[in-house]
Amino acid sequence: MFRKIILTLVVIAGFCLRGSAQETIQHVYGRTVLSLNGPWNYIMDPYQMGYLDYRQKPFDQSTSGKGGFYDNLTGVDKSTKTEYDFTYAPTLEVPGDWNSQEEKLLFYEGTLWYKKDFVMNPDAGKRYFLYFGAVNYECHVYLNGKKLGVHKGGFTPFQFDVSGKLNPGKNFVVLMTDNTRKRDEIPTINTDWWNYGGITRDVMIVEMPQTYIEDYKVQLAKGSKDIIEGFVRLQGTEKSGKVTLEIPELKIKSSYTTDEDGKVSFRIKTRKMDYWSPEHPKLYDVIVTSTDDKVEDKIGFRTIATRHQDILLNDKPIFLKGISIHDENPILGGRLRSEGDMRMMLEWAKELGCNYIRLAHYTHNETMLRLADEVGLLVWAEIPVYWTISWTNPETYANAENQLTVGIDRDKNRASIIVWSVGNETPVTEERNVFMGHLVDKARSLDNTRLIAAALEVEREGYTIKVEDPLGDKLDLASFNEYGGWYWSEPKELPKYTFDIRFDKPVVISEFGAGALGGFHGDEDTVWSEEHQELVYINQLEMLDKMEALRGMTPWILTDFRSPRRQHPVYQDFWNRKGLISNTGKKKKAFYILQEYYKNKTAGKQR
Ligand code: GCU
């Protein structure tokens, strides 16, 4: 029943309303787990009949605490008047959004209940956690009819301690999930991606010793190529205890004693090592042990820094040959569900000649980051502070900061990640500058070894593209989105444009692009044709290549993706068609333009 699996996990600070989720376990996939993936029964509940009584009062806050669908009443007989029954309800696959699994759910936004039965024999000497990789957007979690708590945020993991709450034998979990978009949330009501609802990532029960290794960080210290810096934290009954860090290939084996909070930090001088890079994605076996626990991980070591307009990977200038990617399988039309799905996306990026990807616009699946480590792709990771957020609402800020914290905690040991992005295309106002400024400071306080950025917007004056967003002063990159040849200007005009960038920083174009319906052909001026998209790419690259400080780009986007904002019945049909690959997996002409450009691109002029 319980099996060891090989992937990783994180510290969670999920945005919990009540019954709080605690710090989660780093590298949960390397622990003893019972997977709860597979078919779950579901009930659509647009009026929240399973949660609110007809006076709109939550059943789980009534004196009996009973009355909601989480009671999981079943078994019809002539006297039963229950108006729901999971046993006879259809199923949805978990992990997986609901929209791409049932035609009737494609556009559904609202409340949907899930129920899963499972059998286990809990060991009294162990701790147990119910872990979720991600659930979009808000969910109320019940175990055997009892409420565990609530979580908000569709892209970050969370867990609940269920030690002592599991029955020997039959158990059931019930979730009320709700992906209704709300103004004060993160993201807010308006996005250019599909609002996929449900349990989109893995679910499992994690079995741990009474005192266990909750978290660790093992990375090169800022600006150092021979000091490994980090910490180990124990959780449970005996927090102060002996821990050992081993990196066999580097002949490192060091033991420490944690303090009363269970934590110990370390700095270890190491011999010369094989540094991780896209060409050479070297991962080391790293083993952390304590009296009762052991966890094995695969970690790469590299340095990343900027010097004026250069980006330095392991002290060498690099050009970031990138592409933007959404967490969506264009062929299935839903969230990426399996390692196979994710490898497909990364292999396409590699085929394009990329050494870098932008995972837009939210925290992607942990497996995606581990695969980027493995195949050798540098990563820009981002939180969904997207367009116009409620800048002055403290709850909104706390939510954003939580998602940032969870994302950084989860992936702090991933060599592939070089950039933490705090947002995309946010309008320049005083309130926004304060909000975003705080996020930048928070990111730096959590991780001083990686670059901090955001996808800024540009202004135009005649043929001058101006980049002077004040947030840029706080960031490590001059990174911005510009849609020359699509949302403004004719493609052939682009070479006339020049850039006026206020920052002496590496320029990374976080987005440019154009739409094309795969397989639709015409002359280069025929919008939506592959030839027109190709024309935009040719002129974009000519315009950008003139820029002295250009050090990277992530054109928008690797594949077509679903969007509720794209309604042209012939050319779009609710797909954003800016992919270089269509939703049937067909490469468009512009794919080869960018591939050729990357084949010949070197690390640019040094300063
Ligand atoms: C924006 C935005 C993307 C969007 C793209 C587009 O810049 O960041 O999320 O999909 O433009 O308009 O296609």
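The values are calculated or read from the model by the stated rules, or taken from the named source; none is laboratory data. In this text, all values refer to a predicted model and were calculated from it rather than measured experimentally. Heads up, the Cβs are rebuilt from the backbone with ideal geometry, glycines too, and the neighbour counts pull from every protein chain shown. Ligands, DNA and RNA are stripped out before the accessible areas are found, and what is left, the full protein with its side chains, is counted by its heavy atoms. Shrake-Rupley method; radii C 1.70, N 1.55, O 1.52, S 1.80 Å.
Couple of notes before you dig in:
- All told, Gln219 meets the bar of being modelled with pLDDT of 95 or more and open to solvent by less than 20 Å² (accessible area, probe 1.4 Å).
- Number of positions in the stretch 489-524 that are under 30 Å from the mean Cα position of the chain (by Cα), more than 16 Å from the ligand (Cβ to nearest atom) and surrounded by fewer than 22 Cβ atoms within 10 Å (Cβ to Cβ): 3
- Residue check for Lys578: within 16 Å of the ligand (Cβ to nearest atom) and either open to solvent by 10 Å² or more (accessible area, probe 1.4 Å) or in contact (Cβ under 8 Å) with a residue 24 or more places away in the chain (or both): yes
- Within the stretch 179-199, the residues that satisfy the criterion of being open to solvent by 10 Å² or more (accessible area, probe 1.4 Å) and away from the ligand (no atom under 16 Å from the Cβ) are Thr180, Lys182, Arg183, Asp184, Glu185.
- Selection count where residues are more than 14 Å from the ligand (Cβ to nearest atom) and assigned to a strand (DSSP E or B), scope the stretch 459-483: 8
- With a requirement of 3 or more residues that are surrounded by 20 or more Cβ atoms within 10 Å (Cβ to Cβ), the strands (runs of 3 or more DSSP E) lying completely within the stretch 301-362 that satisfy it span 310-313, 320-325, 356-359.
- Of all residues in the stretch 437-448, none satisfies being touching a residue at least 24 places away in the same chain (Cβ under 8 Å), under 25 Å from Thr156 (Cα atoms) and among the hydroxyl-bearing types (Ser, Thr, Tyr).
- Which listed residue, of Met368, Met436, is open to solvent by less than 10 Å² (accessible area, probe 1.4 Å), within 16 Å of the ligand (Cβ to nearest atom), part of a helix (DSSP H, G or I) and of a type outside the set (Asp, Glu): Met436
- Taking the stretch 525-552 as the range and being buried (at least 24 other Cβ atoms within 10 Å of the Cβ), more than 29 Å from the chain's Cα centre (by Cα) and within 16 Å of the ligand (Cβ to nearest atom) as the test, the residues that pass are His532, Val536.
- Residue count, the stretch 33-92 (criterion: in contact with a strand residue (DSSP E or B) (Cβ under 8 Å, 6 or more places away or on another chain), under 17 Å from Tyr142 (Cβ atoms) and not in a loop (DSSP other than H, G, I, E, B)): 12
- Contact map, the stretch 484-506: first residue more than 26 Å from Leu471 (Cβ to Cβ) and part of a loop (DSSP other than H, G, I, E, B), second residue open to solvent by less than 70 Å² (accessible area, probe 1.4 Å) and not hydrophobic (A, V, I, L, M, F, W, C), Cβ cut-off under 9 Å, separation 6 or more or different chains; pairs are Glu490/Asn539.
- The C-beta contact set for the stretch 102-116 (first residue under 18 Å from Leu52 (Cβ atoms), second residue open to solvent by 60 Å² or more (accessible area, probe 1.4 Å) and among the aliphatic types (A, V, I, L, M), distance under 6 angstrom, 6+ apart or interchain) comprises Leu112/Met44.
- Selection of the stretch 581-607 for residues being surrounded by 14 or more Cβ atoms within 10 Å (Cβ to Cβ) and among the β-branched types (Val, Ile, Thr) yields Ile581, Ile593.
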